[in-house]
Number of protein chains: 2
Amino acid sequence: MKLDSRLSRMLHILVHMARADGPITSQAAAEMLGSNAVVVRRTMAGLRDAGLVQSVKGHGGGWTITAEPDQVTMLQVYRAVGEPRIFSIGLADPNSACLVEQAVNASMRSALKEAEEALVTRLGEVTLADIARDFERRFALLGEQARTA
Amino acid sequence: MKLDSRLSRMLHILVHMARADGPITSQAAAEMLGSNAVVVRRTMAGLRDAGLVQSVKGHGGGWTITAEPDQVTMLQVYRAVGEPRIFSIGLADPNSACLVEQAVNASMRSALKEAEEALVTRLGEVTLADIARDFERRFALLGEQARTA
DNA sequence: TTTTACGCAACATATGGGGTTACATAAACC
DNA sequence: GGTTTATGTAACCCCATATGTTGCGTAAAA
């Protein structure tokens, strides 16, 4: 399997939604992501259940962000998409009867736990508003470069 | 794919080898791991290339650890098995032209980098000897429990 | 010479995210 | 009211990759 990109994709769309003045359709989102409208709906369903967005059917419908961008962290989005497995490495047998393997498992668990905590902590510190501000900075920088070129 | 257990498995066998007084055959190792001798050879080849173990063909042959257990860290073993991908989550498009996605990618990269550094640091701090000592502790504890039961 | 092991290529298998098709339903527009 | 536009969801296929398996070659000891 390739990388699970649900978190990354949802962040992408959420920031777009935060900047849009109306709903974004699944089709439009899919085009932004280079993906498929069904995949978008499937993944966004988690965000809707988490209360981060709402969906409206029919003409003029689509997806709208309902939460305040400065109140939504990457961690919340990660959880809203179902808390996908973080690591692709892990224990061979979590419940081995072999004491050697138990010792190995203890050291592996400890290392992975530390890394996961570092990740979760960081995800909890960055909001959609932070990412949107970074976008604005990049956007301004681009205009700057165009003018001085 | 399930979890990549190569690091875990190799640690397991390395600690067994450190405690054995002779070579361990691929078949014996495979039985310890609940796996297959070919898989063992395939994975151990990396450890041999890294100089951690040696293999001997024929009668009485098998695998022997050649490095000092207190000089071999989990990190070295991780590298010897080919530095498998750590995360199962990641960026949707690492080289997107979309500035929003670039901002998302920056925040994702930063969080993942921090977690990876935490993991690598920890892996570099724990040696095979540490794991072997933990095994001894567990083993002693088990005898203790048996006597007081 | 036989047996025991490793070395390695080639192929099979399982898993899970993502892509695709199909159909149902709801809401806006005419 | 009928048509169009959207979402909701099920049911499939596709693909990458660690792992499992078979087969054959080679080296070393009995």
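The values are calculated or read from the model by the stated rules, or taken from the named source; none is laboratory data. Worth saying up front: this structure is predicted, and the values here are computed from it rather than measured. For neighbour counting, all protein chains shown are included, and Cβ atoms are generated from backbone atoms with ideal geometry for every residue, glycine included. Areas reflect the complete protein model, heavy atoms only, side chains present, ligands, DNA and RNA absent. Shrake-Rupley method; radii C 1.70, N 1.55, O 1.52, S 1.80 Å.
Expressed per residue, the C-alpha convex hull volume of the range A:50-119 stands at 120 Å³. Among the listed pairs A:Lys57/B:Lys2; B:Lys2/B:Lys113; A:Lys113/B:Lys57, those with a Cα-Cα distance over 29 Å are A:Lys57/B:Lys2; A:Lys113/B:Lys57.
Per residue, the solvent-accessible area of chain B (1.4 Å probe, heavy atoms of protein chains only, all protein chains present) comes to 52 Å².
For A:Arg79 and B:Glu68, a Förster radius of 41 Å and the Cβ-Cβ distance give a FRET efficiency of 0.40, rounded to the nearest 0.05. With its label point defined 7 Å out from Cα along the Cα-to-Cβ axis, B:Glu125 lies at 1.8 nm from the matching points of the other copies, in increasing order. Distance between the 7 Å Cα→Cβ label points at A:Thr121 and B:His59: 5.9 nm. Within the protein assembly as shown, all pairs of alpha-carbon atoms sorted by distance into 5 Å bins from zero give the percentages 1, 5, 10, 13, 13, 11, 9, 8, 8, 7, 6, 4, 2, 1, 0, 0, 0. The eigenvalues of the Cα gyration tensor, multiplied by 5 and square-rooted, give the range A:1-51 an equivalent ellipsoid with semi-axes of 17, 13, 11 Å from largest to smallest.
Computed over the Cα atoms of the range B:6-148, the ratio of the radius of gyration to the Kirkwood radius (Rg/Rh) comes to 1.12.
Short version: which residues of the range B:112-149 lose at least 30 Å² of accessible area, all chains versus chain alone, 1.4 Å probe? At a threshold of 30 Å² (probe 1.4 Å), the residues of the range B:112-149 that become less exposed are B:Glu114, B:Ala115, B:Ala118, B:Leu119, B:Arg122, B:Ile131, B:Phe135, B:Arg138.
From helices alone, chain A scores -20000 deg cm²/dmol at 222 nm; the rule is -39500 (n - 2.57) for each run of n ≥ 4 DSSP H residues, then divide by the residue total.
Association of chains B and A removes close to 4500 square angstrom of accessible area from solvent, both sides included, for a probe radius of 1.4 Å. Of the solvent-accessible surface of the range B:51-90, computed with a 1.4 Å probe over protein heavy atoms with every protein chain present, carbon and sulfur atoms account for 47 percent.
Take B:133-144, A:107-118 and order them by the average number of nearby Cβ atoms within 10 Å per residue, most first; the result is A:107-118, B:133-144.
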